[in-house]
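Okay, so here's the structure we're looking at.
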Amino acid sequence: MDMVNVKVNGIPVSVPAGSTVLEAANAAGVDIPTLCYMKEINAIGACRMCVTEVTGARGLVAACVYPVAEGMEINTNSKKAYDARKRTLELILSNHRMECTTCARSHNCELQKLANEYGVKEVRFGDPGSLQPQIECSTAHLIRDNSKCVLCRRCMAVCNHLQSVAVIGASERGFATHIGSPFDRGLGEVGCISCGQCIAVCPTGALTEVDDTDKVWAALADPTKHVVVGTAPAVRAALGEEFGEKIGTNVEGKMVAALRRLGFDGVFDVNAGADLTIMEEANELVERVKNGGVLPMITSCSPGWVRFCEQYFPEFIPNLSTCKSPQQMFGAMMKSYYAKQAGIDPKDIFVVTAMPCTAKKYEIRRPDEASVDGLWDIDATITTRELAKMIRKAGIKFERLPDEKFDPAFGDFTGAGVIFGATGGVMEAALRTAVETLTGEELKKLDFTEVRGVAGIKEASYEVAGMTVKVAVASGMANAKELLERVKRGEATYHFIEIMGCPGGCVNGGGQPIQPGNVRNFVDLRAERAKALYAQDAAMPIRKSHESPLMKKVYAEYLGKPGSHLAHELLHTSYAKRSRYPGLEAEKA
Amino acid sequence: MPNTKTKVAFKGTPEQEAELKKFIAEIKHEKGATMPILQKAQEIYGYLPEEVQVIIAEETGIPLTEIYGIATFYAQFALNPKGETQISVCLGTACYVKGSGDVLQKVVDTIGCEAGSITSDGKFSIDATRCIGACGLAPVMTVNGEVYGRMTPAMVPEILKQYME
């Protein structure tokens, strides 16, 4: 690789040719402020926060897009650059509704942080005090307030380039420019899949999740309710970030302790729901392979992906596994098996889940997700961020918590359940069970490393019981789209495909702790958080779902066998083709 | 300038749709085809309602969001059809300094729809235009091509009355 030698604030560094000034500065350990820049998907030089002095350029240059040249001297800290950035901040703030004390992103807002760092004390332009909220809240998961939008277009970039959903864009021009959906429809009217990736990259409080913590507090305060909680695998891999832990720290023990101190009557793990998903899904795969069912079978754990399929690739609906997601299986088991075991009327059980996901807020009210007496499987779901907020409000000193264990009734899980949170994890977990089922022999090697890692599309084939099983894994909807189109064109054939809605899987879900641009652009959150899960899996005594003592018990005492009538009633669901333009269709009808 | 979603029902014909689809099929693989497609669609339908933009999105594979972004960025594209009576108020510099903004506001108040849109019965549409070259008569309003010069807000109801019958 050709290298270029430059100096950043006098520090010599050597960077690959074609690097930007921003990348060179990072190599030298220097942070340049950015608001719009997102590595690979939004290098547009629009916000002007990264303007920097370099030799050979007449004025200040936008560091995020300006390429380095041999011998270049970069000065990120000149008075000229400081003054320009401060003026830019003032101009941005002149059209930003500042309600920092009550804003959901207070203390975690990139604009607020920069305004403080640059000493912006007053805004000389416009009349920001007169701005009114501009709220869009047509979905179960997201609130947009354009009065706080800085037009950085990060949300557009993730929606378009990573998710290929492209329901967020910029319309009109000049001062009227605003972020929204076609014809200023609500997101609920345009084919949004609720993945929440836009929320995770918003630098300000313009995009936030719908806050459901009040529902949970109300249930906890209600003495007639038996309130149980389940946590997704990916939550433990990221929750620590909210409390100052290093990215990729597994805080399972402390998380359990915190939930118990919040007052939940049962602290359970959706990992057990994941084991259950594997029992059902591996069985479904084996049945489809043996009986000439529709192949490739595609996983259905990710509600963002399921909705994407229903809207954009309805021809693949017969390929979707009929298994509910682990969350929904968990809820159904709480209101059936657990209710029976604990001797509690299902209608008095209030099931909460903590998820890395915003689409779960949509999923819990999908039709066909209420399996016991018409009661919803899940009563409320909160994101990792909302869980952190509850822990803080309750005054729990997270770092001082002891490590505790889940309640045994539904808290016993395997390594297979843990890795559900990362791209390739469901595939690997399913293979561990399906291969042993097909061959009837014990697996020698449990690590299916071919399907691990953050690559957008992964393929592998395995020799199992005299046949070649071909599998593929995709995460992020742009990758899923590419993979499915290959399958449609007949360029590739598979038996089993795992698809997760968010790039990298649930560890990088739209409900995970927000990391600012200057971290996201230089740290691979997907890989760091996934490491925590694979490390936990490797250290587990039982790593195959079908060997879980809880699963053995649940099937022996209650469900019978995978795919049984009762299992179908409780643990399987159905899908339907949905319009990409629901708003327009509704008006026509 | 608000270019709001139209309140008028879409009346496109299968012939119009076929013509548009044929044009798209011919041109869609060329680079920079979006603008000509939008221009052709506007030529066929007279404006670019949601139904037409959805056809373009489906036929080209370009997201509707992008089509809409382009259609609202350029002043040449209209999201509303023209009314039976088309009212335009010039907001060019000369007219504007002579008070055409107030004239436009009076028109909006009298007709009951925003500039850049159309009444739900399709009878009146209002446009705010750039300079029409009649600066000597500023401020200028035109109704169906008829030019009214040296306008004041007070004159608006009287003039529009004759078109309301």
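Name the pairs: first residue in the range B:82-100 and over 11 Å from B:Ala128 (Cα atoms), second residue assigned to a strand (DSSP E or B) and among the aromatic types (Phe, Trp, Tyr), Cβ to Cβ under 7 Å, at least 6 apart or on different chains? Taking only residues 6 or more apart or on different chains, the pairs are B:Gly83/B:Phe124; B:Thr85/B:Phe124. The residues on offer are A:Gly169, A:Gly205, A:Gly188, A:Gly196, and the sole one that is under 17 Å from A:Asn146 (Cα atoms) and in contact with a His (Cβ under 9 Å, 6 or more places away or on another chain) is A:Gly196.
Only residues that are more than 12 Å from the chain's Cα centre (by Cα), small (Gly, Ala, Ser) and either surrounded by fewer than 18 Cβ atoms within 10 Å (Cβ to Cβ) or within 14 Å of chain A (Cβ to nearest Cβ) (or both) were counted in the range B:63-93, giving 1.
Quick check, is A:Thr384 of a type in the set (S, T, N, Q), touching a Ser or Thr at 6+ places or on another chain (Cβ under 6 Å) and buried (at least 17 other Cβ atoms within 10 Å of the Cβ)? Considered against the rule, which asks whether it is of a type in the set (S, T, N, Q), touching a Ser or Thr at 6+ places or on another chain (Cβ under 6 Å) and buried (at least 17 other Cβ atoms within 10 Å of the Cβ), A:Thr384 comes out as no. All told, A:Gly240 meets the bar of being modelled with pLDDT of 95 or more and at negative phi.
Can you tell me which residue in the range A:473-498 is surrounded by the most Cβ atoms within 10 Å (Cβ to Cβ), limited to those that are touching a Lys or Arg at 6+ places or on another chain (Cβ under 7 Å) and hydrophobic (A, V, I, L, M, F, W, C)?
Of everything passing the filter in the range A:473-498, A:Val473 is surrounded by the most Cβ atoms within 10 Å (Cβ to Cβ).
Restricted to strands (runs of 3 or more DSSP E) entirely inside the range A:1-107, those with at least 2 residues that are touching a residue at least 40 places away in the same chain (Cβ under 8 Å) and crowded, with 18+ Cβ neighbours inside 10 Å are A:3-8.
Would you confirm, using the coordinates I've provided, whether A:Thr139 is more than 24 Å from A:Ala43 (Cα to Cα), more than 14 Å from chain B (Cβ to nearest Cβ) and buried (at least 18 other Cβ atoms within 10 Å of the Cβ)?
Judged against the criteria, A:Thr139 is a match.
Within the range A:170-182, the set of residues being surrounded by fewer than 24 Cβ atoms within 10 Å (Cβ to Cβ) and either facing chain B (nearest Cβ under 7 Å) or assigned to a loop (DSSP other than H, G, I, E, B) (or both) comprises A:Ala170, A:Ser171, A:Glu172, A:Arg173, A:Thr177. Within the range B:52-79, the only residue that satisfies the criterion of being in contact with a strand residue (DSSP E or B) (Cβ under 9 Å, 6 or more places away or on another chain) and of a type in the set (D, E, K, R) is B:Glu66. Suppose we filter the range A:108-130 for residues that are of a type outside the set (Phe, Trp, Tyr) and assigned to a loop (DSSP other than H, G, I, E, B); how many remain? The number of residues fulfilling the criteria is 10. Counting the residues of the range A:145-169 that are touching a residue at least 60 places away in the same chain (Cβ under 8 Å), more than 10 Å from chain B (Cβ to nearest Cβ) and surrounded by fewer than 20 Cβ atoms within 10 Å (Cβ to Cβ) gives 3. Return a yes/no flag: does the range A:61-70 have any residue that is of a type outside the set (Gly, Ala, Ser), at pLDDT below 95 and within 28 Å of the chain's Cα centre (by Cα). No: zero hits.
The values are calculated or read from the model by the stated rules, or taken from the named source; none is laboratory data. Remember, it's a predicted structure, so these values are computed and weren't measured experimentally. Using ideal geometry, Cβ is built from the backbone for each residue, glycine included, and neighbour counts are taken over all protein chains shown.
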